[in-house]
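Asker: Next up is a structure, given as structure tokens.
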Amino acid sequence: MAAIEVKGVSKRFRLSSDKYQSLKERVIHLGRGTHTDFWALREIDLTIEHGSTLGLIGHNGSGKSTLLKCIAGLLQPTEGEIFTEGRIAALLELGAGFHPELTGRENVYLNASILGLSRKEIDKRFDDMVGFAELEQFIDQQVRHYSSGMYVRLGFAVAVNVDPDILLVDEVLAVGDESFQRKCLNRVREFQREGRTIIFVSHAADLVRQICDTAAVLDHGDLAFSGGAGEAVRVLREHMLPGVAVAPDADGERAPAADSPVRIVGVEVEHPATADQPYVLPGDPLSIKIAYDADRPTDDASISFAVHDNAGRLLFGITTHALGVEMPTLIGTGAIVVTVPRVPFLDGAYPMTIGITSNDGGTVYDWREQQDRFEVMNPGSADGTVDVKVEVEVRCSGPVEDG
Amino acid sequence: MRRSSNPPSRVLRARRGIHTRLADIWRYRELLVGLVRKELKVKYKNSSLGFLWSLVNPLLYLLVFSIAFQVILRAGIPSFPVYLLSGLLVWNFFSGGVTAGTSSVVVNASLVKKVWFPREVLVLASIGSALVNFFLQMGVLIAFLAIIRYDVAFSYVPLVIPALIVIVVLTSAVALLLSAVNVYLRDTQHFLELALLAWFWVTPIVYPFMLMGGREEKWQAAIYMTNPVTAVVLVFQRAFYAKVDVAAVGGRFGAVDQILPGWSMGGYAAYLGAVAALSVLLLVFSLWVFGRLEGNFAEEL
């Protein structure tokens with residue numbers, strides 16, 4: 001049996017336009033309650049094997065947190081079933097149920113038993129928990145004397161030491177300082193090595209690709225994709241960027257003359273290595289086919305080609321004139337193919353700016369500012385924008401120990 | 001692949017059966033004990049008198065009712081403190097447990113929204129802490145009876161144990177039902193206060209059972225006896241107060257000189273048995289309602 005099986009789960013929320021929370025009000029407004037149904041999840045099917053790490057991604061309101069809460073048992077699915085095998089702990093409840101009047105020790109016992117540990121199990125792990133939180137000196141003080149940092153540390157220490165078979169990590173982890181986040185992530189990786197099942201909810205796509213083997217993309221309550229993490233991140237981007245982004249108007253200088261002799265009539269992206277996919281892999285060849293139509297012979301045309309990142313920052317730009325490419329006189333229709341033999345980028349959608357100018361740049365014949373783009377899907381786990389090949393060699397000066 | 005020795009598997013769907021839920025509650029029994037301990041600790045942690053506070057409430061009741069009934073109204077119930085306390089302590093457990101249990105889910109909203117565990121445990125923990133208070137108060141009463149060498153009806157004392165079980169089941173049933181309703185209708189707890197006030201006066205605690213239960217009009221007596229708390233209170237009074245007919249010592253209350261019904265042991269047991277059956281039925285119904293409503297707790301809180 002898989003660790004988690006989600007079968008045909010739907011979740012409906014009733015949004016009442018006016019909510020009466022007392023008997024008195026309900027009687028007064030009897031029969032006038034209006035509500036609208038909102039399906040936060042629709043027929044989700046998902047299987048998560050023991051020992052795998054699944055990323056759950058989607059934009060805000062896609063239903064990823066709702067699904068996590070259903071798996072955690074906090075929300076009951078309106079339809080469908082969820083089977084889970086093993087103890088579940090969710091890293092979304094740091095210090096849930098801590099009572100300020102009780103000491104740290106008493107709270108550890110209470111919190112851990114809320115998370116499903118028996119007294120004997122807590123006895124065994126108590127020192128680990130306190131050690132992890134680095135609170136040995138303060139453990140017998142009332143929690144109300146703790147700083148907020150100590151409070152969170154103790155909550156985290158309990159949560160990660162309850163020895164869960166299934167760990168649910170919510171975005172909540174994003175709060176806290178950087179060293180705390182690093183500590184959380186280190187712990188998550190340790191859990192992976194120990195073969196625990198992890199569900200990781202985030203809208204930080206890079207983090208998901210780094211950590212998860214597989215990922216599921218939710219879009220407005222529907223399961224848009226489930227499969228490899230790299231592919232999932234690409235699907236997410238596709239859902240979040242509907243169509244080609246409308247480029248900001250090119251600045252006045254670059255506006256082509258009204259009676260321009262040559263125009264770009266089409267741009268096509270070709271990537272033979274992944275021809276059946278809408279993306280290219282890092283290191284694969286990529287060709288940009290620029291179709292032109294020249295009314296009058298143009299003998300000083302130079303092609304400008306630039307690549308930007310998602311924020312519009314220029315990553316690379318060149319012109320055929322600068323490259324020293326001899327351009328023939330353009331007349332009639334034809335195409336110019338710009339080939340990048342090795343795409344040096346990692347995951348992302350890269351807008352391109354393509355233009356035709358005179359050799360001296362003084363006359364702009366045509367200009368397409370970030371209207372076309374190509375996509376790179378990174379199947380690996382490297383992070384960032386540039387595909388850098390690295391080699392690792394360990395040089396030890398001292399004697400080498402085996403193992 | 002990694003499995004703990006006994007992985008707790010779980011099926012989550014819109015409806016969970018009652019036996020699954022009972023099994024879940026049993027699995028979380030240590031949490032129940034932990035929560036009871038927490039409630040008691042928090043209650044008495046920063047008070048100088050500690051648990052002595054739990055004795056102050058019945059003593060104040062004793063003072064007020066002694067003055068009101070014995071002095072002002074000149075009711076002649078002999079050994080009034082023993083009579084009052086043997087019924088009042090049972091009532092205090094019932095009303096305290098139901099009140100705390102009803103608000104328990106709403107009070108622990110932050111927990112309910114973040115962690116899964118059987119929500120019934122919250123209600124049962126409130127009742128558990130009321131039960132601990134009851135034992136403390138009862139212990140003091142029994143010690144007092146022993147010191148003054150009060151004439152307890154020892155043959156009826158064994159009936160106290162099933163009576164205690166019945167009142168725990170009844171309290172749990174009412175509290176579970178109301179705690180779930182209270183999540184959706186927050187003024188349930190305010191209505192409850194009023195209902196409990198009325199309920200107190202239809203239970204024979206400050207006046208003798210025979211005043212109502214011994215009426216000539218049998219139907220009036222029958223209606224009066226439908227109050228399930230009465231059966232439990234009567235058993236405690238019969239065992240600890242033990243005086244049935246007080247005419248010989250010149251005691252009386254209004255028109256009656258009989259305080260407790262002159263039933264045999266079997267009579268008391270039969271009444272208690274009927275209430276036990278009712279309580280179990282009510283508990284099953286409450287668990288069913290609770291199960292229907294708990295699915296949306298996290299959304300409503």
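The values are calculated or read from the model by the stated rules, or taken from the named source; none is laboratory data. For clarity, every value in this text was computed on a predicted model and none was experimentally measured. As a convention, Cβ positions derive from the backbone with ideal geometry for all residues, glycine included, and neighbour counts pool all protein chains shown. The accessibility values were calculated without ligands, DNA or RNA, using every heavy atom of the protein model including side chains. Shrake-Rupley method; radii C 1.70, N 1.55, O 1.52, S 1.80 Å.
Asker: Please state the charge dipole magnitude for the stretch A:277-365, taken about the Cα centre, from unit charges on C-beta atoms (+1 on K and R, -1 on D and E), reported in debye and rounded to the nearest 20.
Answerer: Charge dipole of the stretch A:277-365: 200 debye, to the nearest 20.
Asker: Rounded to the nearest 500, what is the 222 nm mean residue ellipticity of chain B from helices alone, with -39500 (n - 2.57) per DSSP H run of 4+ residues and division by all residues?
Answerer: -21000 deg cm²/dmol
Asker: As a test of reading the structure, rank B:38, B:43, A:69 by solvent-accessible area (1.4 Å probe, protein chains only), most first.
Answerer: Solvent-accessible surface, decreasing: B:43, A:69, B:38.
Asker: Then there is this: Keeping all protein chains in the complex and leaving out DNA, RNA and ligands, what accessible area do you get for residue A:372 with a 1.4 Å probe, in Å² to the nearest 10?
Answerer: 20 Å²
Asker: Which net charge results for the neighbourhood of residue A:351, defined as the other residues with beta-carbon distances under 11 angstrom from its beta-carbon, given Lys and Arg at +1 and Asp and Glu at -1?
Answerer: With Lys, Arg at +1 and Asp, Glu at -1, the net is -1.
Asker: By per-residue mean of other Cβ atoms within 10 Å, what is the highest-first order of A:124-132, B:224-232?
Answerer: Packing order, densest peptide first, comes out as B:224-232, A:124-132.
Asker: Can you run the Rg to Rh ratio on the protein assembly as shown? Use alpha carbon positions and the Kirkwood inverse-distance Rh.
Answerer: 1.18
Asker: Using only the Cα atoms of the stretch A:56-147, what do you get for the radius of gyration and for Dmax, in Å?
Answerer: For the stretch A:56-147, the Cα-based Rg and Dmax read 16.6, 49 Å.
Asker: Residue by residue through A:113-122, how many Cβ atoms from other chains fall within 10 Å of the Cβ on average?
Answerer: 5
Asker: Would you please report the Å³ per residue occupied by the convex hull of the alpha carbon atoms in the stretch B:71-149?
Answerer: 105 Å³
Asker: Where the convex hull is taken over the Cα atoms of the stretch B:154-254, what is its projected area averaged over directions, in nm²?
Answerer: 8.1 nm²
Asker: Mind grabbing the interface size between B and A? I mean buried accessible area, both sides, 1.4 Å probe, in Å² to the nearest hundred.
Answerer: Looking at B and A, the buried total is near 4100 Å².
Asker: At a probe size of 1.4 Å, how large is the accessible area of residue B:28, to the nearest 10 Å²?
Answerer: 30 Å²
Asker: If you take the beta carbon distance between residue A:144 and residue B:151 as r and set R0 to 35 Å, what does 1/(1 + (r/R0)^6) give as a FRET efficiency, to the nearest 0.05?
Answerer: With R0 = 35 Å, the Cβ-Cβ based efficiency is 0.10.
Asker: What number results when the radius of gyration of the stretch A:267-403, computed over Cα atoms, is divided by 2.2 N^0.38 Å?
Answerer: 1.38
Asker: With everything on Cα atoms, drop me the angle between helix B:160-184 and the longest principal axis of chain B, reported from 0 to 90° to the nearest 10.
Answerer: Taking the Cα atoms of chain B, the angle to B:160-184 is about 50 degrees.
Asker: Around residue A:215, what is the net charge, scoring Lys/Arg as +1 and Asp/Glu as -1 over all other residues with Cβ under 9 Å from its Cβ?
Answerer: Residues near residue A:215 contribute -1 overall.
Asker: If you don't mind, another one. Name the long-range amide H neighbours of residue A:345: under 5 Å, sequence gap of 5 or more, or other chain; modelled H, no Pro or chain starts.
Answerer: A:283, A:387
Asker: Send over the per residue convex hull volume for the stretch B:26-99, Cα only, as a whole number of Å³.
Answerer: It comes to 117 Å³ per residue, whole-number rounded.
Asker: While we're on this one: Taking all pairs of different Cα atoms in chain B, averaging 1/r and flipping that mean, what Kirkwood radius in angstroms comes out?
Answerer: By the Kirkwood definition, the hydrodynamic radius is 20.9 Å.
Asker: With the radius of gyration and the Kirkwood radius both derived from the Cα set of the stretch B:109-203, what is their ratio Rg to Rh?
Answerer: 1.08
Asker: If you line up the long axis of helix B:53-65 against the longest principal axis of chain B, both from Cα atoms, how many degrees apart are they, to the nearest 10?
Answerer: Taking Cα atoms only, the helix is inclined about 40 degrees.
Asker: Follow-up question, since we're still on this one. Which value, in Å², gives the accessible area per residue of chain B when a 1.4 Å probe is used on the protein heavy atoms?
Answerer: Per residue, chain B has 46 Å² of solvent-accessible surface.
Asker: Nearest 10 degrees, 0 to 90: what angle lies between the long axis of helix B:265-294 and the longest principal axis of chain B (Cα atoms)?
Answerer: So the inclination is approximately 30 degrees.
Asker: For the protein assembly as shown, with all protein chains present and a 1.4 Å probe, just round the carbon and sulfur fraction of the accessible area to a whole percent.
Answerer: 58 percent
Asker: Can you give the charge dipole size of chain B about its Cα centre, rounded to the nearest 20 debye, using +1 on the beta carbon of Lys and Arg and -1 on the beta carbon of Asp and Glu?
Answerer: Computed about the Cα centre, the dipole is about 1240 debye.
Asker: Another one. So how do A:389, B:45 rank on accessible area, 1.4 Å probe, biggest first, that is with the largest at the start?
Answerer: Output order, biggest surface exposure first: A:389, B:45.
Asker: Report residue B:79's accessible area, 1.4 Å probe, all protein chains in place, as a number in Å² to the nearest 10.
Answerer: The value for residue B:79 is about 50 Å².
Asker: Assign one of three labels to the stretch B:249-301, namely rounded, prolate or oblate, based on the Cα gyration tensor with a ≥ b ≥ c the square roots of its eigenvalues; rounded applies when a/c is under 1.5, prolate when it is not and a/b is larger than b/c, and oblate otherwise.
Answerer: Since a/c reaches 1.5 but b/c is at least a/b, the shape of the stretch B:249-301 is classed as oblate.
Asker: Treat every Asp and Glu Cβ in the protein assembly as shown as -1 and every Lys and Arg Cβ as +1, leave all other atoms uncharged, and give the resulting dipole magnitude about the Cα centre to the nearest 20 debye.
Answerer: 4700 debye
Asker: Apply 1/(1 + (r/R0)^6) to the Cβ-Cβ distance of residue A:322 and residue A:363, taking R0 = 25 Å, and write down the FRET efficiency to the nearest 0.05.
Answerer: Computed FRET efficiency for residue A:322 and residue A:363: 0.95.
Asker: Which net charge results when you count Lys and Arg as +1 and Asp and Glu as -1 among the other residues whose beta-carbon is under 14 Å from that of residue A:265?
Answerer: Net charge in that neighbourhood comes out at -2.
Asker: List every residue whose amide H lies under 5 Å from the amide H of residue A:225, counting only residues 5 or more places away in sequence or on a different chain, with H placed 1.01 Å from N in the peptide plane.
Answerer: Excluding prolines and chain starts, which carry no amide H, the hits are A:217.
Asker: Tell me, what are the semi-axes, in whole angstrom and largest first, of the equivalent ellipsoid of the stretch B:23-168 as set by the roots of 5 times the Cα gyration tensor eigenvalues?
Answerer: Working through the eigenvalues yields semi-axes of 34, 18, 14 Å.
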